[in-house]
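Okay, structure first, notes after.
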Amino acid sequence: MRAKKVLITGADGFIGSHLTEELVRQGYDVKAFVYYNSFNSWGWLDSSPDQIKNEIEIFAGDIRDPHGVKAAMNGCEIVLHLASLIAIPYSYHSPDTYVDTNIKGTLNVLQAVRDLGISKVVHTSTSEVYGTAKYIPIDEEHPLQGQSPYSASKIGADQMALSFYRSFETPVSIIRPFNTYGPRQSARAVIPTIITQLASGKEKIKLGALSPTRDFNYVKDTVSGFIAVMNNAKSIGEVINIGSNYEVSIGETAEAIAEVMGKKVKIETDEIRLRPEKSEVERLWADNQKARELLGWEPLYGGMDGFKHGLKETADWFMNLKNLSQYKADVYNI
Ligand SMILES: Cc1cn([C@H]2C[C@H](O)[C@@H](COP(=O)(O)OP(=O)(O)O[C@H]3O[C@H](C)C(=O)[C@H](O)[C@H]3O)O2)c(=O)[nH]c1=O
């Protein structure tokens, strides 16, 4: 049987790179839409032993360019739209760029999907759209609240995607992953921040707030969530949480990482890492029943044991990097 041709936008980003590898492994014909100025791939496209670059078709462009987006989609049956600006702190400084990339970029994808008659588009949302939980665990009916320009831009993009489903019957599914972690994540995110500081042998590591909670998804579970949404017709017109259903504070996360790395952890607050009080999302905990019941998806790294297992795999990956001290945050050259 002919392999389905799938376009992945943001294919060289953190989640996109893992998704690309898995789809190639499963025999899909993958076309990777990568930002031509991206710093996020960390040489991943060229990395051995996989040499993933030789297995996929690469289209370098900018999600903000409607012509490029449409040209990239030509001949594809499915679109997985992951390209997005994702850093919350940067969104305080450049909200307009987040509107352009996250809302306008998504509109470009939706218009091309509609005009080309693509059979399915999976749009990537985020748990940040819920803001601090008003009730727990958070199901898909929970109200939306833009606590940062980033989350407001993602709410806008989600609503645009749903409007295309309602207005034009565009076959849209919305996947809403909670915080994803794993190998290749940007040094900016909290788990790599903790791992890299512990690895450097510092007596005290610097963090922002320790009390906020998150529902951390290991990247392999997020990837299996994408594939479940992509392959199930029941997901069309639906919003689906992908989360482990396990809530943990940032302080507990630091303790768990130290344990799997065999280190002791002392934490000092770094004021610069604190977000404005009303902007910090204090509590996120996923209700994942819809994904389980509708798609038969389930996380393999759930609970404290699963979390530690994922953290160990992640820490090992970082520790095996030859140039860990130079491991960088994603830098947006926009
Ligand atoms: C980097 C850092 C973070 N934090 C706190 C701030 C947050 O309460 C929590 C998680 O921060 P992080 O930046 O790892 O992730 P989120 O801000 O929740 O956002 C991430 O997950 C969602 C779903 C997305 O949609 C975002 O795109 C993605 O960046 O740790 C600290 O306390 N110290 C630090 O040094």
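Values as computed for the structure displayed
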item	result
Alpha carbon convex hull of region 204-283, volume per residue in cubic angstrom	118 Å³
Sequence-distant residues sharing a close amide H with LEU80 (under 5 Å, placed H)	LEU7, ILE8, THR9, VAL122
Simple label model, 7 Å out from Cα along Cβ direction - TYR327 to ASN74, nm	4.0 nm
Residue-span extension gain [LYS204 to GLU277] - 0.36 nm each, minus C-alpha spacing	23.9 nm
Phi-based couplings in Hz for region 134-149 (Karplus 6.51, -1.76, 1.60; Gly and Pro marked x)	8, 8, 10, x, 8, 9, 6, 8, 4, x, 9, 8, x, 8, 9, x
Qualifying aspartates and glutamates (Cα of each under 19 Å from Cα of LYS290; at least 8 residues distant if same chain)	GLU128, ASP139, GLU140, GLU141, ASP158, ASP215, ASP221, GLU238, GLU247, GLU298
Förster-model FRET efficiency, 51 Å R0, ARG292 and ASP96, C-beta, rounded to 0.05	0.85
Portion, in percent, of the accessible area of the chain that falls on carbon or sulfur, probe 1.4 Å	50 percent
Label point at LYS263 placed 7 Å out along Cα→Cβ; residues across region 194-226 whose backbone nitrogen lies under 17 Å	194-208
Overall form of region 48-207 per C-alpha gyration tensor (a/c, 1.5; a/b vs b/c)	oblate
Per-selection Rg to Rh, region 215-334 - Cα, Kirkwood hydrodynamic radius	1.02
Lysine pairs within region 174-273, Cα separation less than 22 Å, 8 or more sequence positions apart or different chains	9
Residue order for VAL99, VAL190 - accessible surface, 1.4 angstrom probe, largest first	VAL99, VAL190
Descending semi-axes in Å of the chain, equivalent ellipsoid built from Cα gyration tensor	30, 22, 19
Per residue value of the accessible surface for region 112-237 (all protein chains in place, 1.4 Å probe), Å²	33 Å²
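The values are calculated or read from the model by the stated rules, or taken from the named source; none is laboratory data. The structure displayed is predicted, hence computed values, not measured ones. Don't worry about glycine lacking a Cβ; one is built from the backbone with ideal geometry, like all the others, and counts go over all protein chains shown. Heads up: the accessible areas ignore ligands, DNA and RNA and are worked out on the full protein's heavy atoms, side chains in. Shrake-Rupley method; radii C 1.70, N 1.55, O 1.52, S 1.80 Å.
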